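In what follows, a structure is listed as structure tokens, so that the remarks can point back to it.
The values are calculated or read from the model by the stated rules, or taken from the named source; none is laboratory data. All of these numbers come straight from a predicted model, not from anything done at the bench. Quick reminder, even Gly has a Cβ in these numbers, built from the backbone with ideal geometry, and neighbours come from all protein chains shown. Just the protein is used for accessible areas: all its heavy atoms, side chains included, with ligands, DNA and RNA removed. Shrake-Rupley method; radii C 1.70, N 1.55, O 1.52, S 1.80 Å.
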Amino acid sequence: MSTANVIDEVVPAGEPWMGVVRRGQSFRIVDLEGNQAVDTLFYNAADTAEAYSAQNTIQAQQRIYLTTGTVLLSNRGNAMLRIEDDTCGRHDTLGGACSAESNTVRYALEKRSMHSCRDSFLLALATHDLRMTKRDLPSNINFFMNVPVTPEGQLRFADGISAAGRHVQMTALMDTLVLISNCPQLNNPCNAYNPTPIRVMTWDPA
Ligand SMILES: [Zn+2]
């Protein structure tokens with residue numbers, strides 16, 4: 001896990017990543033090659049029972065997409081991070097994370113053994129011995145993923161609107177544990193059928 005004060009790492013295609021962003025620090029995710037879904041969970045680093053809540057965030061901002069100005073709220077209603085800069089323009093928090101189970105239901109029984117974000121999250125939690133299990137997986141954000149909602153209220157997993165080099169940048173409003181699955185999904189266009197690396201960076205305020 002990255003606990004260094006300043007982080008600058010490339011996360012390979014399909015891999016999980018964990019790190020801590022300190023209160024006041026900037027946190028940037030770069031979509032290096034374009035149209036890569038970055039499934040992300042946020043926890044209060046001091047108490048992981050507090051975690052990002054899609055429901056509270058959507059309710060507070062009265063909008064379903066996330067972009068510059070969005071304050072990411074926890075299940076306790078506390079501000080965790082604020083999106084300060086966004087060259088993609090829109091991020092999803094409704095579509096959830098892919099799993100062996102959803103791959104089986106959506107696509108085919110033979111897809112069950114494929115890598116998935118849920119398995120990546122659980123692998124990272126087990127690797128870092130945080131005594132956290134599937135019970136501790138809160139709602140997630142899919143940075144750079146395009147999940148438009150139709151006028152009839154349906155969710156679509158659509159071709160991405162991101163591109164190589166686009167980024168999203170946040171300021172941490174509390175010490176935040178970040179858990180990323182750099183999505184390995186190959187069955188829908190969330191990664192343009194080609195998972196690619198991302199870059200994660202943190203730095204101290206000027
Ligand atoms: Zn995924």
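Considering only the stretch 1-53, state which residues are closer than 25 Å to LEU186 by Cα, among the aliphatic types (A, V, I, L, M) and open to solvent by 10 Å² or more (accessible area, probe 1.4 Å).
Correct list: VAL10, ALA13, VAL30, LEU32.
Which one of ILE83, ILE58 is at pLDDT 95 or above, under 15 Å from the mean Cα position of the chain (by Cα) and at negative phi? Explain how you work it out, then say what you get.
Values: ILE58 fails: under 15 Å from the mean Cα position of the chain (by Cα).
Unique residue meeting the criteria: ILE83.
Name the residue that is most open to solvent (accessible area, probe 1.4 Å), counting only residues in the stretch 82-94 that are assigned to a strand (DSSP E or B) and within 17 Å of GLN62 (Cα to Cα).
Of everything passing the filter in the stretch 82-94, ARG82 is most open to solvent (accessible area, probe 1.4 Å).
Quick check on my filter: what residues within the stretch 168-206 are small (Gly, Ala, Ser) and over 15 Å from the mean Cα position of the chain (by Cα)?
Listed by number, the residues that qualify are ALA192, ALA206.
Looking only at the stretch 131-177, how many residues end up being within 16 Å of the ligand (Cβ to nearest atom) and either part of a strand (DSSP E or B) or buried (at least 17 other Cβ atoms within 10 Å of the Cβ) (or both)?
Number satisfying all stated conditions: 15.
Can we say VAL20 is touching a residue at least 60 places away in the same chain (Cβ under 8 Å) and in contact with a Phe, Trp or Tyr (Cβ under 6 Å, 6 or more places away or on another chain)?
Details: touching a residue at least 60 places away in the same chain (Cβ under 8 Å): yes; in contact with a Phe, Trp or Tyr (Cβ under 6 Å, 6 or more places away or on another chain): no.
In short, no.
For the structure I just gave you, tell me whether ASP85 is closer than 28 Å to PRO12 by Cβ, of a type in the set (D, E, K, R) and touching a His at 6+ places or on another chain (Cβ under 8 Å).
Answer is yes for this residue.
Can you report the number of residues in the stretch 95-130 which are surrounded by 14 or more Cβ atoms within 10 Å (Cβ to Cβ), out of contact with any Lys or Arg (no Cβ under 9 Å at 6 or more places or on another chain), at pLDDT 85 or above and not in a loop (DSSP other than H, G, I, E, B)?
Count: 5.
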